[in-house]
1. Count, please, the residues in segment B:170-212 that happen to be within 17 Å of the chain's Cα centre (by Cα) and under 21 Å from residue B:268 (Cβ atoms).
2. Tell me which residues, restricted to segment B:117-154, are in a loop (DSSP other than H, G, I, E, B), in contact (Cβ under 8 Å) with a residue 60 or more places away in the chain and over 18 Å from residue A:126 (Cβ atoms).
3. Considering only residues that are exposed (fewer than 13 other Cβ atoms within 10 Å of the Cβ) and over 12 Å from residue A:103 (Cβ atoms), which ones fall in segment A:114-129?
4. Scanning for something open to solvent by less than 30 Å² (accessible area, probe 1.4 Å), part of a strand (DSSP E or B), without any contact (Cβ under 8 Å) to a residue 24 or more places away in the chain and within 30 Å of residue A:67 (Cα to Cα), does segment B:89-97 turn up at least one residue?
5. In the list B:235, B:249, which residue meets the criterion of being at pLDDT below 90, among the aliphatic types (A, V, I, L, M) and in contact with a strand residue (DSSP E or B) (Cβ under 9 Å, 6 or more places away or on another chain)?
6. Considering only residues that are of a type in the set (A, V, I, L, M) and either open to solvent by less than 20 Å² (accessible area, probe 1.4 Å) or within 9 Å of chain A (Cβ to nearest Cβ) (or both), which ones fall in segment B:130-141?
7. Among the numbered criteria (1) open to solvent by 20 Å² or more (accessible area, probe 1.4 Å); (2) within 30 Å of residue A:95 (Cα to Cα); (3) more than 11 Å from every other protein chain (Cβ to nearest Cβ), which single criterion is violated by residue A:167?
8. Answer yes or no: is there a residue in segment A:28-48 that is surrounded by fewer than 24 Cβ atoms within 10 Å (Cβ to Cβ), at pLDDT 90 or above, touching a Pro at 6+ places or on another chain (Cβ under 6 Å) and more than 23 Å from residue A:173 (Cβ to Cβ).
Protein chains: 2
Amino acid sequence: MSKRVRAAYQGEPGAFSEVAARQLLGDPQTLPFASFEEIFEAVRTGDAECCVVPIENSLAGSIHRNYDLLDESGLTIAAEASLRIAHNLLAMPGATLADLRRVHSHPVALAQCGRFLRTHPHLEPVPVHDTAGAVRLVMERGHAEEAAIASERAGEIYGAATLAVGVEDHPRNFTRFFAVAPHTATLPLVQRAAASRWKTSLLLHIPNRPGALHRALGFFASRGIDLAKIESRPIEGRPWEYGFYLDLIGRAGEQPLAEALAELGREAERVKMLGTYRAAE
Amino acid sequence: MSKRVRAAYQGEPGAFSEVAARQLLGDPQTLPFASFEEIFEAVRTGDAECCVVPIENSLAGSIHRNYDLLDESGLTIAAEASLRIAHNLLAMPGATLADLRRVHSHPVALAQCGRFLRTHPHLEPVPVHDTAGAVRLVMERGHAEEAAIASERAGEIYGAATLAVGVEDHPRNFTRFFAVAPHTATLPLVQRAAASRWKTSLLLHIPNRPGALHRALGFFASRGIDLAKIESRPIEGRPWEYGFYLDLIGRAGEQPLAEALAELGREAERVKMLGTYRAAE
C-alpha cells in the first residue's frame, strides 16, 4: 500500500484550500493549520510533504503575504488549481429556509452573499472565523433556526442539509491555489492532459528607471512568449522601487523560455524562480 | 459658513476609510454605509459629493471589486491617500491587560495581530463584522474582561482606553485609498505640496497576443515616463484575455503623458481613464 502524501492547508476540513488539495493530489492526507505561516513551517520541518495555499482571488486580488512566504521558504510551486468559489446555505437536516433565523460564516463569505442576505431579511448574519467551522458549529448545536454559508464539501463532511446552492453575488468568483513543495518530482500529482500548457512563475526586481520594465518584457516579447500575469509591488524598505510577479507561458528548462530567462538574469537585479508547472486552465 | 463636503465610506465611525476621508478632505461630513456598492450609489444619487474607498493593501493586494465599481460608476479619482494600518488594543477605562479574556475585531485584523494573540493566550479572539464596531460593542457592554482591536481613532470616538499600541505583526501594513467624485474641481481637498508628483490611473485592454503589452509600454518608456503600478487581471467572460491597471507618473493633460496616452488610445482595445491626481507619497 502506498503512503498517502501529507498536504498542509490553512483552515478546517471542508475549507476551499482542502478542496484544492484534493483536486491537485487525489487522495492526500490533509493536515489543517490555523495560519499560512504554520503550513509553510510544516513543510520545512518535514511534517508535511507539501502545502496548498491560495495565491489570488478574482475579486479580492493577489495574496501578497503568500507570495512572501513562498519566496522566503525556498520551496517551489509543484502544481496550480483554480477553484470556483461557490457558497451554499447549509443547515440541520429537516430545517427549512422559513425556520432559519441566523446564518454563520466568515465575514468575507457573508459579504460575498450580500444579495441573498438582503433578499432574506429574516436571516441575521453572524460572523465566525471560518466557513467550514461555521458548518461544524451549526451541526454541533443542532438548532433548526441556525445555518451556515460554506462550500458543498463542508456540508458533506458534517452531514448538513443544503437549503440553497450558489448564494454568492458574483458567479465568477475564482481562487487560484498553488501546491508548494521542496521538490516537485516526488509529489503524486493528479495527471493533467499532456496537451495542457506549462506556466512558469517568478519574482523580478529591476532597476528603478523609466523603461526598465519595458526592456525586461522585451526578452519575452521578441521570442513570442506569452505573459499570463504581471503585477508590480513596492519592495519593502526601498521606497520607489518595485518588484514584479510574472507568470509566463512555457516550461522553464525548455526553449524559447530558457534563453529568455538567461538574458533576463543577466540584466535584472534579482530573478527568483517560484516554479514551473502545468497550468490549471 | 461653508457647507461641509459629504463623503461616503464603508464601515462605522473610526473605520480606516473614515480616517482616510479626514486626511484627504480635512473636516468632511462622513457618511457610513454597509457596503462598497452603497457608497458609489450614494455619489451617483447625490447623497454624497464623494466616496472614499480602499483600493489596495500592501499585504493583501488590490481590491478588484473596487476597481470594478470605479470603472462602472464613471466617476473619477480626485485624490489618493496612503494609510499605515496600525492596530491598538482598546478596552474599558480602568481595565488592565490581566483583566481581559476576550478580544473582538474583524477576522482580518485578528489575523494581522496573530503574534500578539499567540503571546497572550489568555485572550480569546472573537470575530465581529467591523473593527470600529468591535470598540462600540465593548464600550456598550462595559465589561472589564472585553477588549477590541481597532484604529486609534476608533478608540477616541468611543472613549476607550488604549492598553497596547501597534499590536499588528507587520509594521509595513499600508492601505491605499481613493477619494472618488463626479468632478474633482468642486472637492475641498487638503492641499498637497506644489512639488508633489502627479499620478494618472487607467484601465487598459489590449489584444491578446505575445508582445502586445511590451508594445503598449513602449509608448511610455520611449518618453521616459515612469510606471508606478502595473497589474494584469483576467477579463470577465473572455478567457485568456487580460486587462491591466496602470499608474503612470505625470498629469494626463500635460506632456509627455498626453501624447503617450493619445498613441496608446489608437492601438489599445480600450483605455479607460480613472483619474489624474496628486500622488500620496
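The values are calculated or read from the model by the stated rules, or taken from the named source; none is laboratory data. Keep in mind it's a predicted model, so treat the numbers as computed, not measured. Quick reminder, even Gly has a Cβ in these numbers, built from the backbone with ideal geometry, and neighbours come from all protein chains shown. For the accessible areas, the whole protein counts, side chains as well, though only heavy atoms, and no ligand, DNA or RNA atoms are used. Shrake-Rupley method; radii C 1.70, N 1.55, O 1.52, S 1.80 Å.
1. Qualifying residue count, segment B:170-212: 4.
2. Step one: filter segment B:117-154 for residues in a loop (DSSP other than H, G, I, E, B), giving B:119-123, B:128-130, B:142-145, B:151.
Next, from what is left, pick out any that are in contact (Cβ under 8 Å) with a residue 60 or more places away in the chain: B:130, B:151.
Result: B:151, single match.
3. Of everything in segment A:114-129, those that are exposed (fewer than 13 other Cβ atoms within 10 Å of the Cβ) and over 12 Å from residue A:103 (Cβ atoms) turn out to be A:118, A:119.
4. To start, the set of residues in segment B:89-97 that are open to solvent by less than 30 Å² (accessible area, probe 1.4 Å) comprises B:89-91, B:95.
Still in the list and also part of a strand (DSSP E or B): B:89-91.
After this cut, where a residue has to be without any contact (Cβ under 8 Å) to a residue 24 or more places away in the chain as well, the list is none.
Among the residues of segment B:89-97, not one is open to solvent by less than 30 Å² (accessible area, probe 1.4 Å), part of a strand (DSSP E or B), without any contact (Cβ under 8 Å) to a residue 24 or more places away in the chain and within 30 Å of residue A:67 (Cα to Cα), which makes the answer no.
5. Details: B:249 fails: at pLDDT below 90.
One residue alone meets the criteria, B:235.
6. First, the residues of segment B:130-141 that are of a type in the set (A, V, I, L, M): B:132, B:134-135, B:137-139.
Once the filter is applied, which keeps residues that are of a type in the set (A, V, I, L, M) and either open to solvent by less than 20 Å² (accessible area, probe 1.4 Å) or within 9 Å of chain A (Cβ to nearest Cβ) (or both), segment B:130-141 yields B:132, B:134, B:135, B:138.
7. Checking residue A:167 against (1) open to solvent by 20 Å² or more (accessible area, probe 1.4 Å); (2) within 30 Å of residue A:95 (Cα to Cα); (3) more than 11 Å from every other protein chain (Cβ to nearest Cβ), the one that fails is (1).
8. No, the conditions are met nowhere in segment A:28-48.
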